[in-house]
Amino acid sequence: MSASPKTPAAPPDEVLSTLNPDGTRRWLNPRLSPGRWLNRRRAVGYALIALFALVPMFRIGGKPLMLLDLLKREFTFFGKTFFATDTLLLMLFLLGTFALVFFLTAVLGRVWCGWGCPQTVYLELVFRPIERLVLGAGSQRRSQASALKLALLYAAYFVVAFLMAHIFLAYFVPFETLWGWLSQPPTEHLTSFIVVVAVTALILADFVFFREQMCTLACPYGRLQSVLLDKRSLVVGYDVFRGEPRGKAKPSADSGTLGDCVDCKACVATCPTGIDIRKGLQMECVACTQCIDACDGIMERLGREPGLIRYMTPAALGATTVAADARAAGDTACRPAAPKTGFRLRPLIYGTLVVAAFATLGIVSARKGGVEVAAVRDKLTPFQLMDGDLVSNSLHLRIRNRAETEETFDVTIPSIADVRIASPDLPMAIPSGQSRTANLVVITPRAIFSGGFHATSLVVTGSSGTSKTIEYRLQGPEDGAASTVPVSR
Ligand code: SF4
Ligand code: SF4
């Protein structure tokens, strides 16, 4: 018995939305679709752009709202400075931030991509509007523009990118310092100037040439969507049940058999990633809502209800597809199933993680107090026997002032009677956020040592009353009671 040969089904004749069939880049020139969602996105987007520009200028208690000082390895958020040694705090912050992104994605879908990501915000609200302004709406193809218009366009791009690069640098260099640099020749601060030039070049490469490829090919967050969304996350979707079968409106003959989609392709023409939302949920969709506005405009012109494309959930999207298939198969009474409501495990887990991470961060940073201390024993002369049955220990204390103002620090050892602390460095004034090292010699009676050491506590106290106690083992002779000729070890 021989099986009849089967011809494998031909693959769909499709390529990526940003590629031509021959593999070359398909340049997208999305048509702007005015509408209520575009108005909302503009309000949010321009507010974010203003925030990005203003944050480096704001101060809280004399400190920047946000400053990532890589040279000093100090990171200031909302006026509170963290140091490179704050690894636990940094880990908690990163954990909380990632969990927050996961939580928002599980609940609101790709809201970050469409509404908050700098890639979308600057491309759609700054660079493309400039392009439309210079080249004119409807003739946006750069390859077809005159040399003069192109020169104007690239000059405008450069000015915006150069400005953005300076604002970017203001997150790493204090704003006042950067402002001072602007009035000096670049050779006086060459490294920073090179950084600005490099960032400007990257911005231009991204927003002028790479564009939507960042979202569809490069961004790892876009790739994660399929695992971060659940069936009740918000997505932009096409109502298959209402829209299909699609076709040009012919009220007299077909109004009873056709769906609401008139196949005008306005939703495709407006899409910044070049996809057709009617094909279902796609990784390339950045939830920019432009197809909603485009389709709502068409529906309004046709006198139909808006919302053929709208925010919905993957579950609702699946229900409209199932019902449309059933109807096409002859079940005319079939309707999309009502969406489920109630408990959702995924947002609960992510939400709990967010609260736990940020609450722990708050508790740990509050307990760190205003001073950080680390003690290091002197390597050359850990201890010396002295006349009068005394023992001296040499050590170095690294003190970091975490307080918001300058403090003067001193050291005591209250648990040992007859102790003397000799130091040319104490008391020591330390500016806010900085650290200094104090060299000190602790002189104690020999009798306190047993087994070669004496465990005690060093108390470092600041002028404002802040203090830190650390455990320390003073070294001494094995037998503290015996008296010997002074020696050094
Ligand atoms: S804009 Fe609306 S009516 Fe036009 S093709 Fe898209 S879904 Fe159909
Ligand atoms: S499919 Fe719609 S929401 Fe998604 S990227 Fe395209 S226009 Fe934006």
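The values are calculated or read from the model by the stated rules, or taken from the named source; none is laboratory data. For clarity, every value in this text was computed on a predicted model and none was experimentally measured. Reconstructed Cβ throughout: ideal geometry from the backbone, glycine too, with neighbour counts over all protein chains shown.
I'd like the full set of residues that are of a type in the set (A, V, I, L, M, F, W, C) and part of a loop (DSSP other than H, G, I, E, B), limited to the stretch 104-135.
Of everything in the stretch 104-135, just one residue is of a type in the set (A, V, I, L, M, F, W, C) and part of a loop (DSSP other than H, G, I, E, B), namely 117.
Somewhere in the stretch 353-374, is a residue of a type in the set (Phe, Trp, Tyr) and more than 16 Å from ligand 2 (Cβ to nearest atom)? Quick ask: steps written out before the conclusion?
Step one: of the stretch 353-374, the residues of a type in the set (Phe, Trp, Tyr) are 358.
From the residues that got through so far, the ones that are more than 16 Å from ligand 2 (Cβ to nearest atom) too are 358.
Checked the stretch 353-374: at least one residue is of a type in the set (Phe, Trp, Tyr) and more than 16 Å from ligand 2 (Cβ to nearest atom).
Could you say which residue among 153, 135 is buried (at least 16 other Cβ atoms within 10 Å of the Cβ) and at pLDDT below 90?
The match here is 135.
Can you spot a residue in the stretch 21-31 that is surrounded by 11 or more Cβ atoms within 10 Å (Cβ to Cβ), modelled with pLDDT of 85 or more and either among the small types (Gly, Ala, Ser) or under 30 Å from residue 374 (Cβ atoms) (or both)?
No: the stretch 21-31 contains no residue that is surrounded by 11 or more Cβ atoms within 10 Å (Cβ to Cβ), modelled with pLDDT of 85 or more and either among the small types (Gly, Ala, Ser) or under 30 Å from residue 374 (Cβ atoms) (or both).
How many residues are part of a helix (DSSP H, G or I), closer than 16 Å to residue 105 by Cβ and in contact with a helix residue (DSSP H, G or I) (Cβ under 8 Å, 6 or more places away or on another chain) when one looks only at the stretch 307-353?
5
Restricting to the stretch 297-311, name every residue that is over 26 Å from the mean Cα position of the chain (by Cα) and either closer than 9 Å to residue 236 by Cα or not assigned by TED's automatic domain parsing to the domain that holds residue 224 (or both).
Answer for the stretch 297-311, where residues must be over 26 Å from the mean Cα position of the chain (by Cα) and either closer than 9 Å to residue 236 by Cα or not assigned by TED's automatic domain parsing to the domain that holds residue 224 (or both): 309, 310.
Of all residues in the stretch 278-296, how many are under 16 Å from residue 233 (Cβ atoms) and within 14 Å of ligand 1 (Cβ to nearest atom)?
Looking only at that region, the number is 3.
Which numbered condition trips up residue 341, out of (1) under 30 Å from residue 421 (Cα atoms); (2) loosely packed, with under 12 Cβ neighbours inside 10 Å; (3) of a type in the set (S, T, N, Q)?
Failing condition for residue 341: (1).
For the stretch 345-374, how many residues are within 24 Å of residue 229 (Cα to Cα) and surrounded by fewer than 16 Cβ atoms within 10 Å (Cβ to Cβ)? Let's see the steps before the verdict.
Taking the stretch 345-374 and keeping what is within 24 Å of residue 229 (Cα to Cα), we get 345-358.
Adding the requirement that they be surrounded by fewer than 16 Cβ atoms within 10 Å (Cβ to Cβ) leaves 345, 348-349, 352, 355-356.
Here the count works out to 6.
Of the residues 316, 294, 287, only one is surrounded by 14 or more Cβ atoms within 10 Å (Cβ to Cβ), more than 15 Å from ligand 2 (Cβ to nearest atom), of a type in the set (A, V, I, L, M) and under 21 Å from residue 114 (Cα atoms); which? Quick ask: steps written out before the conclusion?
Numbers: 294 fails: more than 15 Å from ligand 2 (Cβ to nearest atom); 287 fails: more than 15 Å from ligand 2 (Cβ to nearest atom).
Just a single option satisfies the conditions, and that option is 316.
Tally the residues that are of a type in the set (A, V, I, L, M), more than 8 Å from ligand 2 (Cβ to nearest atom) and surrounded by 16 or more Cβ atoms within 10 Å (Cβ to Cβ), restricting the search to the stretch 269-284.
Number satisfying all stated conditions: 2.
Report the residue count in the stretch 416-433 for those that are outside any strand (DSSP E or B) and surrounded by 14 or more Cβ atoms within 10 Å (Cβ to Cβ).
Residues meeting the conditions: 8.
Working carefully through the options 355, 262, 268, find the one that is within 14 Å of ligand 1 (Cβ to nearest atom), assigned by TED's automatic domain parsing to the domain that holds residue 125, without any contact (Cβ under 8 Å) to a residue 40 or more places away in the chain and of a type outside the set (Asp, Glu).
Being within 14 Å of ligand 1 (Cβ to nearest atom), assigned by TED's automatic domain parsing to the domain that holds residue 125, without any contact (Cβ under 8 Å) to a residue 40 or more places away in the chain and of a type outside the set (Asp, Glu) holds for just one of 355, 262, 268, which is 268.
When only residues in the stretch 32-53 that are crowded, with 16+ Cβ neighbours inside 10 Å and small (Gly, Ala, Ser) count, which is nearest to residue 65 (Cα to Cα)?
45
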